[in-house]
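The values are calculated or read from the model by the stated rules, or taken from the named source; none is laboratory data. Nothing here was measured: the structure is a model prediction, and the numbers come from that model. For neighbour counting, all protein chains shown are included, and Cβ atoms are generated from backbone atoms with ideal geometry for every residue, glycine included.
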Amino acid sequence: MIAGCTGALRGGVLYLTLDTRGSSVNVFTPPVALELERELEAGLAAGARAVVLQSAKPGSFVNGVGLLLAASSHAQGAAMERAHILRRCYERLAAAPVPTIAAIEGNCYGCGLELALACDYRIARDSYDTHFYMPELRDYAFVPLFGATQRLPRLLGLRRAMEVLLGERLDARRAARIGLIDRLAPAQGVAATLRSLLSTLRARHWPKRLPERHGSSGAPAIDALPGPERRLARECLRLARLPFARDYRLEDGLREELASFWSSLGTKESERAMSFFFVRQAAKAHGIGSAAYQRPPRLAIAVESRTPALRKLARLLVQRRLPGIEVKARGSIAFSTRKVPGALTCTLGGPRTEADCAAFLPLAGGAAIELVPGAPERPWRRGAALFQVLEQAGFQPIVTSARGRFVSERLLAAFASAMASRPARASLLDFGYRLPAAVRRRVRAGASKGIAEHLSVVLAKECIRALEEGELTHPSQADLFADVLFGFPVVRGGLLRYVASGTSRVASDAARVLGRAVQPKSNSD
């Protein structure tokens, strides 16, 4: 049975195609790695002059494996064996005696980006669903383990490499500008660009790429990061500086990276951060009935231009070049100020509406979008296509049952009340809050003792009220709101879990809605 990698030799070029079975995205598991190794070895033995690594999954090059590997670390022997299998595959791909090319269409996250870095050349499709992102430090609180801390600095230089390692998201155009990819393919696909690169390599007798060396200056200011991220950021910086030593050897750097990965696991911070992945999945499942990513089929979306918010949304959907999505005068999904006959209609405004759905859409740089279906049924399966389009456009949709006003508005009002006019920006950053720019501007610079804990309790209290009133249907939605609206730190495991573990008057209420008993203890752990 094929786990997720097949090989085909055509015209002297070995095409390795990733297609993880039973998954809507590619996940680079040990069985897939073993298949890739076998296909690579067989193709080279058959005379391949170049290797192309590509994906058969729409919207996904490789979305990761680091989280799955880390989550299995409670059985360290088995986890180390899995890590060995995976790392060996990276090493053999990098050591291939012929040029290797990563043809990237779709998300390239974590170990997927590291897999592309193990190739000599990278081309990427210029579409909004092609993103490059290293989630390890920011989302999961562990050090990467498949070479990113060693290969990125040599390719990009220290400063830009650290920006990527610390969680900067890059689209294909930005990746091309900084040198992460070598060629930018049009939105229609990578085929023509790939043929051009292969022709160039053939004319030059199939050269391997020589290692690049950049300067080691210009590291980011670690103290400007949220407090819980600083320790691992300093460790990533130490690792990223290794390639600039005079006697540096890649295998030594990779060995140190792996040691740092294992030492960063098993901490309470990494366990809590990893658990938040499942919080996101649960919130989505309770919203539309499934946590699986499904790239929307070809859809026409209509967006009225009656209000500034609708005009901004229309521009956003056009600019982001969503594959298969057309913004037209009429469509099966419509954004409007009132119900559009024949279309699933989402209005931007108050949750009381005759349309299929109302939305709270903070367009000023925010990622949150609250969807309030007009029908009472949950999960809202009919709105799955709308949810996926918004997710693909870069938003974080959350489905609620808000009535008088949006839950987002309630939480923003609670935030403003908790902040009042107190100087709090430094205290929130030290605690780990990653406030979006529009929210950060409402907070005075400076520090106030205990303000982060106070804010967390205030937000939790409002979320608990919304859960009790039925406006939120699951605690994961409350935790996700705290994350996307205010940047509540994932290393604390979610807003409600954090508050439930404390000693405030709200702790027992938070424990109750979480459905488990929590012994009161200090939040300082």
*asked:* Could you go through region 370-377 and let me know if any residue there is more than 22 Å from Ala460 (Cβ to Cβ), within 25 Å of the chain's Cα centre (by Cα) and surrounded by 17 or more Cβ atoms within 10 Å (Cβ to Cβ).
replied: yes
_Condition first: surrounded by 14 or more Cβ atoms within 10 Å (Cβ to Cβ) and under 29 Å from the mean Cα position of the chain (by Cα). Now tell me which residues in region 192-202 satisfy that._
Thr193, Leu194
*Between a first residue in region 184-198 that is at positive phi and a second residue that is β-branched (Val, Ile, Thr) and at pLDDT 95 or above, which pairs have beta carbons less than 9 Å apart while being 6 or more apart in sequence or on different chains?*
none
_Considering only residues that are in a helix (DSSP H, G or I), among the aliphatic types (A, V, I, L, M) and either under 18 Å from Phe360 (Cβ atoms) or not assigned by TED's automatic domain parsing to the domain that holds Phe481 (or both), which ones fall in region 376-402?_
Leu386, Val389, Leu390
*Listed residues Leu254, Leu239, Leu180, Leu194; which is closer than 26 Å to Ala393 by Cα and assigned by TED's automatic domain parsing to the domain that holds Ala103?*
Leu180
*Considering each residue of region 299-316, count those that are at pLDDT 85 or above, assigned to a loop (DSSP other than H, G, I, E, B) and touching a Ser or Thr at 6+ places or on another chain (Cβ under 7 Å), and give that number.*
2
*asked:* I'm checking my understanding of the structure. Among residues of region 123-165 that are among the hydroxyl-bearing types (Ser, Thr, Tyr) and touching a strand residue (DSSP E or B) at 6+ places or on another chain (Cβ under 6 Å), which one is surrounded by the most Cβ atoms within 10 Å (Cβ to Cβ)?
replied: Thr130
*Taking into account only those residues within region 388-402 that are in contact with an Asp or Glu (Cβ under 7 Å, 6 or more places away or on another chain) and at pLDDT 90 or above, which is surrounded by the fewest Cβ atoms within 10 Å (Cβ to Cβ)?*
Ser401
*Take Ser275 and decide whether it is of a type in the set (Ser, Thr, Tyr) and assigned by TED's automatic domain parsing to the domain that holds Leu137.*
no
*Among the residues of region 322-343, count how many are within 15 Å of Gln388 (Cα to Cα) and either hydroxyl-bearing (Ser, Thr, Tyr) or surrounded by fewer than 19 Cβ atoms within 10 Å (Cβ to Cβ) (or both).*
3
*Just wondering, is there one or more residues in region 203-216 that are within 24 Å of the chain's Cα centre (by Cα) and crowded, with 17+ Cβ neighbours inside 10 Å?*
no
_So, in region 426-441, exactly how many residues are surrounded by fewer than 20 Cβ atoms within 10 Å (Cβ to Cβ), touching a helix residue (DSSP H, G or I) at 6+ places or on another chain (Cβ under 8 Å) and without any contact (Cβ under 8 Å) to a residue 40 or more places away in the chain?_
1
*Hey, among the residues in region 240-287 that are among the hydrophobic types (A, V, I, L, M, F, W, C) and outside any helix (DSSP H, G or I), which one's surrounded by the fewest Cβ atoms within 10 Å (Cβ to Cβ)?*
Ala245
_I need the full set of residues from region 332-362 which are of a type outside the set (Gly, Ala, Ser), closer than 26 Å to Pro297 by Cβ and in a loop (DSSP other than H, G, I, E, B), in order please._
Lys339, Val340, Pro341, Asp356, Leu361
*Flag if Pro144 is touching a residue at least 60 places away in the same chain (Cβ under 8 Å), in a helix (DSSP H, G or I) and assigned by TED's automatic domain parsing to the domain that holds Ala191*: no
